[in-house]
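The structure under discussion appears below in the form of structure tokens.
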Amino acid sequence: MTADEVFDDIVDDLAGRGVSAGKMFGARAIMLDGKAICCLKRAEFGVKLGAGSAAHEKALALPEAVLFDPAGKGRPFKDWVALPASQSEHWPTLAQAAVQAAH
């Protein structure tokens, strides 16, 4: 599956939880209550989990995970974790954690 296909599946799976597709940082996003909680930018999945939370720490421990820097200018968002497409099997679980963190 491509990164876009995985992202589409996540949007479909979370549709019943009040999320919708949107745009953020010029990229595809998953929105909850008008705020982005996930983003697909350059085949990289950014997810807002809350700095210091168990989900955030677990996500950062995954191979190739880094803090999400959507502009690519060395100013990452402390609440967000980014994972490459090679880690896409983790994206759905992290998206669900982002929904929980947002509530």
Taking amide H atoms as placed 1.01 Å from N in the peptide plane, list the residues 5 or more away in sequence, or in a different chain, whose amide H sits under 5 Å from that of Met24.
Ala29
Net dipole in debye of the chain [+1 Lys, Arg Cβ; -1 Asp, Glu Cβ; about Cα centre; nearest 20]:
520
For Glu5 and Arg17 in the same chain, what is the full-extension length gain: residue separation times 0.36 nm, less their Cα-Cα distance, in nm?
2.4 nm
Tell me, what HN-Hα J-couplings in whole Hz come from the Karplus equation 6.51 cos²θ - 1.76 cosθ + 1.60 at θ = phi - 60° for each residue of region 39-51, using x for Gly and Pro?
8, 10, 9, 6, 6, 10, 9, x, 9, 8, 10, x, 3
Where only alpha carbons of region 47-87 are counted, the Rg and the Dmax (Å)
9.6, 27
Please count, across the chain, the pairs of lysine residues with Cα atoms under 22 Å apart that sit 8 or more places apart or on different chains.
14
³J(HN,Hα) computed for each position of region 25-32 - Karplus, 6.51 cos²θ - 1.76 cosθ + 1.60, integer Hz, glycine/proline x:
6, x, 9, 5, 9, 10, 10, 9
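Expressed in nm to one decimal, what extension gain is obtained for the pair Leu67 and Ala54 from 0.36 nm per residue of sequence separation less their Cα-Cα distance?
Details: separation 13, 0.36 × 13 = 4.68 nm, distance 1.48 nm.
Once the chain is fully extended between Leu67 and Ala54, it gains 3.2 nm.
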Sorted by chain and then number, the residues having a modelled amide H within less than 5 Å of the amide H of Ala51, at least 5 places away or on another chain, are Asp79
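For n ≥ 4 DSSP H runs only, could you compute -39500 (n - 2.57) per run for the chain, divide by its residues and tell me the 222 nm figure to the nearest 500? Numbers along the way, then the final one.
On the way: 3 runs with 31 residues, N = 103.
Helix contribution divided over all residues of the chain: -9000 deg cm²/dmol.
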Region 1-84: chymotrypsin sites (Phe, Trp or Tyr not before Pro) falling in loop per DSSP and having at most 11 other Cβ within 10 Å
none
Tell me, what is the Rg over Rh of region 3-102, with Rh the Kirkwood radius over Cα pairs?
0.91
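Quick note: the coordinates plus some simple rules give every number you see, no bench work behind them. Treat the numbers as computed from the prediction; the structure is a model and nothing was measured. Here Cβ is always computed from backbone atoms with ideal geometry, including for glycine, and neighbour counts include all displayed protein chains.
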